Amino acid sequence: MTADAIIARRERKFARIELKTLTEAGVFSGYASLFGEVDLGKDRVERGAFLRSLARRGAGGVRMLFQHDPAEPIGAWRVIREDGRGLYVEGVLSEGVSRAREVHQLMKSRALDGLSIGFQTVRAKSEPKTGIRQILEADLWEISVVTFPMLPTARISEVKDAPAHRLRAAHDPRLLSCIVEATRRMI
């Protein structure tokens, strides 16, 4: 074996592992719309109604407002997607905005937990007997945190608060073991 091969074999590589919080203050999630449910205005959003709009706009193109007020943006949507249940959303409140801080406190105390969508109907059909309008395609342009959602089941399901949910690797022996093992394999 040459000296270079011996040196190469003894070389150790280290990966800098940075543990961040699992959650961040102001992060929340829930359903802004549920498929097949009739809202208080007699609208029923059908599965697939948002697909074209989301493909075009993405989460970043849909505004997060407070009470549908365009003068009150309070954060940004990170994830908006259709799943088998409805329109799932994950957002983060802007900590530098006083209204967003107020909304966060109200969410944490469950005093504010409604979500409501702002959209333009692209394609719909009405059921004459029931008066229910089926929304087949919608151009989604905003989702608001509201007191009273038009669809009563459109709610925030989880609100995160970073100080209460920090990852403490030093207190979790299984996590430490995994980190040590992963580091060992990289050597």
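No value in this document is a laboratory result; all are computed from the given coordinates. Quantities reported herein were computed from a predicted structural model and do not represent experimental measurements. Ideal geometry is used to build each Cβ from the backbone, glycine not excepted, and the neighbour counts take in all protein chains shown.
Amide H neighbours of THR153 under 5 Å, at least 5 residues apart or on other chains, H built in the peptide plane: list them.
none
Given H placed on each backbone N at 1.01 Å, which residues far from LEU112 in sequence or on other chains put an amide H within less than 5 Å of it?
Here MET107 satisfy the definition.
What size of dipole, in debye to the nearest 20, comes out for region 23-163 about its Cα centre when the only charges are +1 on Lys and Arg C-beta atoms and -1 on Asp and Glu C-beta atoms?
With only Lys, Arg, Asp and Glu charged at Cβ, the dipole is about 360 debye.
For GLY30, list long-range residues whose amide hydrogen, built 1.01 Å from N in the peptide plane, is under 5 Å from its own amide hydrogen.
VAL89, SER157
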